[in-house]
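Let me begin by presenting the structure, written as structure tokens, before commenting on it.
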Amino acid sequence: MADYGVSAGQKVVVIWDQSCPVEALKDFVGALQSLVGTAGYVAVENVDMLIHSKHRESSFDVVLSGLITHAAAVHSSDVLTEIARIMRPGGKLHIAEPVTSTAGNDSAIRTASKLISSLKLSGLASITEVRQECLTLEEATSVKKQLHYQGDGLVRVHLSASKPNYEVGSSTQLKLSFAKKRPEKPAMDPNAAKLWTLSAIDMNDDDVDIIDSDALLDDDDLKKPDPSSLRATGCGTGPEKKRKACKNCTCGLAEELEEKVAAQTPKMQAKSACGNCYLGDAFRCAGCPYMGMPAFKPGEKILLDQNQLNDV
């Protein structure tokens, strides 16, 4: 028992399966109870009923599974997850399971590496292979019969693992900093900086010639260019109906085409909301502002005096 790290006052759970001899299980549990004393506690659970035992989280300091003589317990992913749940943070697990030394597609027996992977996926860490032992002919026959395995190369592997010092499923906030450090500017030689620095003190106003910007333009520069001279070759040429200005026209062709379109579009005559105001009072609405006025031609501009506007 000293190899499993069990000490007085600890809470231990022993997991067994149907292949375990009853007397061997009793002797194993009795030795543990005498070791943990009255301050400790030893629980016994069947591997197939462990997930239904409803133990509280972090209930046990040590979990011992498959360690009874002639044991052939195979730990499913659900069983390993439940073991990790009932272990306290920092708790220890000692497990033994029959494995095959040859990789195969059999679902009942797995290799030692796959068992280690299953322990990692369940949330356990610090997984160490303690030893491998060959099965006797009697043990191998019992394992094959119980697990319906027909292959060879069976061995029992003993592993130890521990639970990290935090609960499974716990979370914490990570402080991430993605700020890039700016590279430090290289030191500049003071003499070089003095050569490339120009201040107002270094300048003499008498030696500086100020150029008038208007003197840079002559009469030809001030003349407004002919829009036709600004057009690119082929711009606006072709049949009259197919003339089209560029998207960002700057030569005046766009304005010229807009004026022609505006001149060819007939002007819409003014029309009232009901369309009957010009016919006379007999056809006008009750609130029409033209009430009392004679009929007028459609589109004719009518001016209302101030009195009529006040009445409205």
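Quick check: is even one residue across segment 159-167 at pLDDT below 75, surrounded by 10 or more Cβ atoms within 10 Å (Cβ to Cβ), in a loop (DSSP other than H, G, I, E, B) and outside the structural domain of VAL99 (by TED's automatic domain parsing)? For segment 159-167, residues at pLDDT below 75, surrounded by 10 or more Cβ atoms within 10 Å (Cβ to Cβ), in a loop (DSSP other than H, G, I, E, B) and outside the structural domain of VAL99 (by TED's automatic domain parsing): present. If the condition is being in contact with a strand residue (DSSP E or B) (Cβ under 9 Å, 6 or more places away or on another chain) and at pLDDT below 90, then segment 60-71 contributes GLY66, LEU67, ILE68, ALA71. Within segment 3-39, which residues are of a type in the set (Ser, Thr, Tyr), more than 49 Å from the chain's Cα centre (by Cα) and part of a loop (DSSP other than H, G, I, E, B)? Listed by number, the list holds a single entry, THR38.
Among PRO289, PRO298, PRO225, PRO266, which is the only one that is part of a loop (DSSP other than H, G, I, E, B), surrounded by fewer than 10 Cβ atoms within 10 Å (Cβ to Cβ), at pLDDT 75 or above and not acidic (Asp, Glu)? When all the criteria are applied, what remains is PRO225. Residues in segment 41-68 that are touching an Asp or Glu at 6+ places or on another chain (Cβ under 6 Å) and assigned to a loop (DSSP other than H, G, I, E, B): VAL47, SER53, GLY66.
With respect to ALA84, is the statement that it is under 25 Å from ILE51 (Cα atoms), in contact with a strand residue (DSSP E or B) (Cβ under 9 Å, 6 or more places away or on another chain) and touching a residue at least 12 places away in the same chain (Cβ under 8 Å) true?
For ALA84, the condition - under 25 Å from ILE51 (Cα atoms), in contact with a strand residue (DSSP E or B) (Cβ under 9 Å, 6 or more places away or on another chain) and touching a residue at least 12 places away in the same chain (Cβ under 8 Å) - is met.
Close contacts from segment 2-18, counting a first residue that is within 17 Å of ALA96 (Cβ to Cβ) and a second that is among the hydroxyl-bearing types (Ser, Thr, Tyr) and at pLDDT below 85, with Cβ to Cβ under 7 Å and a gap of 6+ residues or different chains, come to none at all. Looking at GLU138, GLU82, GLU97, just one residue is surrounded by fewer than 19 Cβ atoms within 10 Å (Cβ to Cβ) and either in a helix (DSSP H, G or I) or not small (Gly, Ala, Ser) (or both), and that residue is GLU138.
The values are calculated or read from the model by the stated rules, or taken from the named source; none is laboratory data. If you're wondering where the values come from, they're calculated on a predicted model, not measured in any experiment. We place every Cβ from the backbone using ideal geometry, glycine too, and count neighbours over all the protein chains shown.
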